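**Student:** One structure, as structure tokens, below. Some questions next.
The values are calculated or read from the model by the stated rules, or taken from the named source; none is laboratory data. Everything numeric here is computed off the predicted structure, so don't read it as measured data. Don't worry about glycine lacking a Cβ; one is built from the backbone with ideal geometry, like all the others, and counts go over all protein chains shown. Protein only, heavy atoms only, side chains kept; ligands, DNA and RNA dropped before computing areas. Shrake-Rupley method; radii C 1.70, N 1.55, O 1.52, S 1.80 Å.
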Amino acid sequence: MYDPDYKPRLFDADGDLTKRWYIDFRVWDTDRKMFIRKQYYGMNKYTTLAERRRVAKKKLVEISQLVTAGYTAGQTPAANIGLDPLRACILEAVELVERNKTNAGRSGEDYARLRRRLSEPAHAGFAALPLRLVQPGHVLAFMEKLRERGIEAKSFNGNRDTLSAVFNYLLRLDAVPRNPVKGVERRAVTDSDQHQPYTTEQRAAVEAEIIRRGDTQLLLFLKFIYLGLTHSTQP
């Protein structure tokens, strides 16, 4: 796995040939499940400044390519999750989790909803962003764009939580080093005045109107529902 926070670096002692030069880098250890530090010293056998610099720069490029390509340490084989976290984008990750959740017999509707939103032209840039480059600022910009388009706080939180679940899923598989969504706060949801229960006076008025109309079957039906709900909420 590639650690986006730490790129291979050359320490050349400011060109001093009497000191030891080295390339410092991080690789994922499949046994210990963590990034470990490694160093390369092979350029120190060269005694001229030009040769040492030439070899050091060449090795820096080679090591950078290996790390980016997914070089790992440890004896445990790196897991194949059906997604290359070094090259895959956000949309591909959402599609993977949606597919895996659905195949496991669970509803993937939240992931499908997020996938459809990411497929909209307005979010094409964020959807195509490689996983290894995603920062909290990218997620915040995406969520703010959703807010500007008028989605309610509940929908805002739903998209935010689903995207966070995608990164948590990949995090458990050691496919990403962190969840960048955690830095984005959920929005406060105000209480809705919809779906409020009838007051005693309102219920009495409805019952009186039904009796006035002579609809005894509807009244009986409603009483059964009322009694059923009343008993179901008792401790």
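**Student:** Which condition does ALA208 not pass, out of (1) within 20 Å of the chain's Cα centre (by Cα); (2) open to solvent by less than 90 Å² (accessible area, probe 1.4 Å), if it passes all the others?
**Tutor:** Condition not satisfied by ALA208: (1).
**Student:** If I ask for residues that are of a type in the set (Lys, Arg) and either in a loop (DSSP other than H, G, I, E, B) or buried (at least 16 other Cβ atoms within 10 Å of the Cβ) (or both), which ones from segment 139-198 would you list?
**Tutor:** As a first pass, look at segment 139-198 and keep what is of a type in the set (Lys, Arg): 145, 147, 149, 154, 160, 172, 178, 182, 186-187.
Hits for segment 139-198 are ARG149, ARG160, ARG178, ARG186, ARG187.
**Student:** Checking PRO136 against (1) modelled with pLDDT of 85 or more; (2) farther than 29 Å from ASP29 by Cβ; (3) surrounded by fewer than 16 Cβ atoms within 10 Å (Cβ to Cβ): exactly one of these is not met. Which one?
**Tutor:** Condition not satisfied by PRO136: (2).
**Student:** Which of the residues belonging to segment 111-161 are over 18 Å from CYS89 (Cβ atoms) and hydroxyl-bearing (Ser, Thr, Tyr)?
**Tutor:** Within segment 111-161, SER155 is the sole residue that qualifies.
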